[in-house]
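Where a number appears in this text, it was derived from the coordinates with a stated rule and is not lab data. Values in this document were obtained by computation on a predicted structure and should not be read as measured data. Positions of Cβ are generated from backbone atoms using ideal geometry, with glycine treated the same way; all protein chains shown enter the neighbour counts.
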């Protein structure tokens, strides 16, 4: 953990760059005075309006649910297949070409195919998003599975530790750094793709709303919605991912 | 298991042109403490893995390993750094109570460390945990792969005491691999000398000492000296390990 500079709490340092960006934005907006560049204060007012009078919470909730479903599916499948491909030469040879293909499949193509083949429904949306994330999780976890310490695996072998315990106590702890990296980059990627898919084939969610406001050139509302989910991302990072990171790395200190 | 019977004709690792092990045949009675001494790289670790049942690809037979309870202590402690000491012990024996763990730790001089993570313990303390771990499964066969290597003399001596105390209860048949002849004479009842790779048995020596002894005891030095003057070819092989492959042939 990098130490905070003397006198400045870590929170101030973390948010410093954001505050500077907001300040510059506010100054430029005041100077240009154009509805196509609303000031942060106007966005904040709009955000408040959408929160209290509008349907922002409903759409945010729908998007969050899709993100959560796609995230859980992508991480579970990705970790399982990643371990398998990392530990078995045969599995790796069988699936490697497929993995390269999936890694390079454009999000838009996956979405269109899912909507056409499965239908314009929730299942298709979530599967389309998960399909985009699974291959990157596999690639990460496979690296970790290849780097497992053979000496520790041998301890499990010598003492005939049951397979499930080996997975839980010996294998997964060595993969946590790779899993955390996948979770972080995964959350970011999934957010972005969920919005595109909502724009394409859903009638609610933040992506759908952004499409609607785009038609009216309502930049203030677009930025208010963007700010709302950016805030959620920060909350997830601060309340979920960072504490989890600390917990999993407690033995190092 | 009343008896350990090892009858290896040859062992060759896949993709290697020469044998790692040659002809190795010996038997041990239940409770025996046998040291296997030979130069580094002679294939002693391979021999232990075969006896433990971890490596079935060899020519010959071993009457132990599979099916019996085998405790294995490695050169390094090999504790899982993300599990505390208690959980490391529970990895091999899941139904241990807190009291049993505290009791075991106290017996190896580590009272109060159950909640510590291994990286906070010294190397000597980690080795005590590794020894205790091997005994918690009530082993019939105990395999020690140079577990006292690179320790200073007082630490090694204290670990010898821990080993003797733990052995007194369970009395597993014990095989200790080492390249330190003094250590072998201090701990074992019998010393098997093996040649450089491919390892063959070249001398089966019964240690003429009894009772607890330390590495630097006069009696151990005397036995060491006598053995060396009777079998000068062994001295050549051990002293020149790595530099003079002809010495033991």
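Overview of results
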quantity: Most fluctuating residue given options A:18, A:239, A:44, as computed from a GNM of chain A linking Cα atoms under 10 Å; calculated: A:18
quantity: Inter-centroid distance (Cα atoms) of segment B:132-182 relative to segment A:28-71, Å; calculated: 67
quantity: Segment B:55-105: radius of gyration and largest Cα-Cα distance (Dmax), Å; calculated: 15.1, 45
quantity: Cα Rg over Rh - segment B:159-236, Kirkwood; calculated: 0.97
quantity: C-alpha long axis of helix A:40-52 to longest principal axis of chain A, angle in °; calculated: 80
quantity: For segment B:81-232, the spread of Cα positions along each principal axis, largest first, Å; calculated: 52, 30, 27
quantity: Neighbour-count order for A:105, B:80, fewest beta carbons within 10 angstrom listed first; calculated: A:105, B:80
quantity: q = 0.06, 0.07, 0.12 Å⁻¹: log10 I(q)/I(0) that the Debye formula gives for the protein assembly as shown, counting C-alpha atoms only; calculated: -0.47, -0.59, -1.09
quantity: Proxy reagent accessibility, fewest Cβ within 10 Å first, across A:194, A:72; calculated: A:72, A:194
quantity: For segment A:56-106, projected area of the alpha-carbon convex hull averaged over all directions, nm²; calculated: 4.3
quantity: Enclosed volume per residue, in Å³, of the convex hull spanned by Cα atoms of segment A:1-114; calculated: 228
quantity: Dimensionless Rg ratio for segment A:162-250, taking C-alpha atoms and the 2.2 N^0.38 Å reference; calculated: 1.51
quantity: Space enclosed by the convex hull of the alpha-carbon atoms of segment B:1-157, per residue, Å³; calculated: 138
quantity: Förster radius 41 Å - calculated FRET efficiency between residue B:99 and residue A:103, Cβ distance, rounded to 0.05; calculated: 0.20
quantity: Kirkwood Rh (inverse of mean 1/r, distinct Cα pairs), segment B:138-190, angstrom; calculated: 11.6
quantity: Radius of gyration and maximum dimension Dmax of segment A:73-138, Cα, Å; calculated: 12.7, 39
quantity: Least to most buried among A:191, A:84, A:251, A:117 (fewest other Cβ within 10 Å first); calculated: A:117, A:251, A:84, A:191
quantity: Per-residue average of Cβ from other chains inside 10 Å of A:150-162; calculated: 5
quantity: Burial ranking of peptide ranges A:226-233, A:55-62 (average Cβ count within 10 Å, highest at the top); calculated: A:55-62, A:226-233
quantity: Rg and Dmax of segment A:58-245, Cα atoms only, in Å; calculated: 19.1, 68
quantity: On Cα atoms only, tilt of A:172-201 relative to the major axis of chain A in degrees; calculated: 40
quantity: Rounded Å value of the spacing that divides the Cα centres of segment B:1-29 and segment B:191-229; calculated: 21
